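K.L.:
One structure follows; several queries about it will come next.
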Amino acid sequence: MTSLQPVVRPWPQAVVPPPLAAGHLHLWLAHLDAWGDLNWENVLSAEELARTARYRSSVDRDRSRAGRGLLRTLLAEYSGTTPAAVAIETDRFGKPRLAGDANAAPIEFNLSGSAHLAIFAFTREAAVGVDIEAFATAPGSAGKPPPSDVRLIAGRFAADEAALIKSLSGADATAAFLRIWTCKEACLKCHGTGLQTPLDEIPITLLDGTRGLGRLAGDCFTTRSVAPVAGSIAAVAMAGEEILEPQCWTLVR
């Protein structure tokens, strides 16, 4: 293991979230296959059902529906309503947000899924972005195979990032690539443009094993990397040079 990787630290299990107070950042991990047997049709919107129906694989369809259903479930707990009543809209770049502005302290949230895992971020402070990647890189871990040549893919990164990855080999190169990739995605999702922005336009500076900084067109983002289970890495980003200390849980039934 290298200092470029966050240490794997399993998150405590919880069934319902505590109140989301000002100054708090909540992260939730969900093992989607544990929720795939639930019927989400009375929870999801018609648009969400139609979108998830496009998956050819029943496994991918069930995971996508579980992820969206769990997002609604958590938002309902935070806002004191029912999952089906949560009104979610998307901006012109596709970033989800709560519809309307009735709350004095609106909930900012983001989600990401990879294979069997999903991660959700919630705060009342400012925009937030999150990304997770699950790869079969550790004994007993599940997920997709890791990229076969991260040095080649790193050619899309900023010059300093590509040089760092190319200076490493094997597992260290893969770890550095995934760390930078997840931080970039989290920052771009926080910013709201997602991967429509070229990856070399948001360079990431890794400060230590968990903290990082991203910059995009004069805006600064702070990232925090976490590894809630073996074979996974995730990053959460908020605008500015400070990020709230996240409180983390694994959602269970």
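K.L.:
Could you list, in sequence order, all residues of the range 5-59 that are under 21 Å from Val130 (Cα atoms), without any contact (Cβ under 8 Å) to a residue 40 or more places away in the chain and acidic (Asp, Glu)?
P.N.:
Across the range 5-59, the qualifying residue is only Glu48.
K.L.:
Before we move on, is Ala186 under 30 Å from Pro19 (Cα atoms), modelled with pLDDT under 90 and not in a strand (DSSP E or B)?
P.N.:
Values: under 30 Å from Pro19 (Cα atoms): yes; modelled with pLDDT under 90: no; not in a strand (DSSP E or B): yes.
Criteria not met by Ala186.
Quick grid of which residues meet (1) among the aliphatic types (A, V, I, L, M); (2) modelled with pLDDT of 80 or more; (3) over 22 Å from Thr205 (Cβ atoms); (4) in contact with an Asp or Glu (Cβ under 6 Å, 6 or more places away or on another chain):
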| position | (1), (2), (3), (4) |
| --- | --- |
| Phe109 | no, yes, yes, no |
| Phe120 | no, yes, yes, no |
| Glu133 | no, yes, no, no |
| Leu152 | yes, yes, yes, no |
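K.L.:
I've got another one for you. If Ser57 satisfies all but one of (1) farther than 24 Å from Leu178 by Cβ; (2) surrounded by fewer than 17 Cβ atoms within 10 Å (Cβ to Cβ); (3) not basic (Lys, Arg), what's the number of the condition it fails?
P.N.:
Evaluating Ser57 over (1) farther than 24 Å from Leu178 by Cβ; (2) surrounded by fewer than 17 Cβ atoms within 10 Å (Cβ to Cβ); (3) not basic (Lys, Arg) leaves (1) as the failure.
Residue by residue, here is whether (1) within 30 Å of Ile204 (Cα to Cα); (2) modelled with pLDDT under 95 holds:
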residue: Leu4; (1), (2): yes, yes
residue: Val15; (1), (2): no, no
residue: Ala30; (1), (2): yes, no
residue: Asp91; (1), (2): yes, yes
residue: Gly94; (1), (2): yes, yes
residue: Pro106; (1), (2): yes, yes
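K.L.:
Could I ask something else about it? For the range 206-241, give me each residue that is on the phi > 0 side of the Ramachandran plot and surrounded by 16 or more Cβ atoms within 10 Å (Cβ to Cβ). Before you say what the answer is, go through the steps one by one.
P.N.:
First, pick out the residues of the range 206-241 that are on the phi > 0 side of the Ramachandran plot: 217-218, 231, 240.
Of everything in the range 206-241, just one residue is on the phi > 0 side of the Ramachandran plot and surrounded by 16 or more Cβ atoms within 10 Å (Cβ to Cβ), namely Gly231.
K.L.:
Please go through the range 61-77 and give me each residue that is touching a residue at least 60 places away in the same chain (Cβ under 8 Å) and surrounded by fewer than 20 Cβ atoms within 10 Å (Cβ to Cβ), ordered by number.
P.N.:
So in the range 61-77, the residues touching a residue at least 60 places away in the same chain (Cβ under 8 Å) come out as 70, 74, 77.
Within the range 61-77, just Glu77 meets the criteria.
K.L.:
Out of all the residues in the range 233-253, is one or more hydroxyl-bearing (Ser, Thr, Tyr), modelled with pLDDT of 95 or more, assigned to a strand (DSSP E or B) and over 14 Å from Val130 (Cβ atoms)?
P.N.:
Filtering the range 233-253 down to residues hydroxyl-bearing (Ser, Thr, Tyr) leaves 250.
Checking the rest, the ones that are also modelled with pLDDT of 95 or more come to 250.
Adding the requirement that they be assigned to a strand (DSSP E or B) leaves 250.
The next check asks that each one be over 14 Å from Val130 (Cβ atoms); those that pass are 250.
Yes, some residue in the range 233-253 is hydroxyl-bearing (Ser, Thr, Tyr), modelled with pLDDT of 95 or more, assigned to a strand (DSSP E or B) and over 14 Å from Val130 (Cβ atoms).
K.L.:
Go through the range 194-222 and give me each residue that's among the charged types (D, E, K, R), under 21 Å from Leu164 (Cα atoms) and outside any loop (DSSP other than H, G, I, E, B).
P.N.:
Here is the first cut: in the range 194-222, the residues among the charged types (D, E, K, R) are 200-201, 208, 211, 215, 219.
Those left that are additionally under 21 Å from Leu164 (Cα atoms): 200-201, 208, 211, 215.
Result: Asp200, Glu201, Arg211, Arg215.
K.L.:
Right, here's the next one. Inside the range 169-197, can you point out the residues that are without any contact (Cβ under 8 Å) to a residue 12 or more places away in the chain and either more than 22 Å from the chain's Cα centre (by Cα) or surrounded by 15 or more Cβ atoms within 10 Å (Cβ to Cβ) (or both)? Working first, answer last.
P.N.:
The initial filter retains those residues of the range 169-197 that are without any contact (Cβ under 8 Å) to a residue 12 or more places away in the chain, namely 169-170, 195.
The answer is Ser169, Gly170.
The values are calculated or read from the model by the stated rules, or taken from the named source; none is laboratory data. Nothing here was measured: the structure is a model prediction, and the numbers come from that model. All Cβ positions, glycine included, derive from the backbone under ideal geometry; neighbour counts span all protein chains shown.
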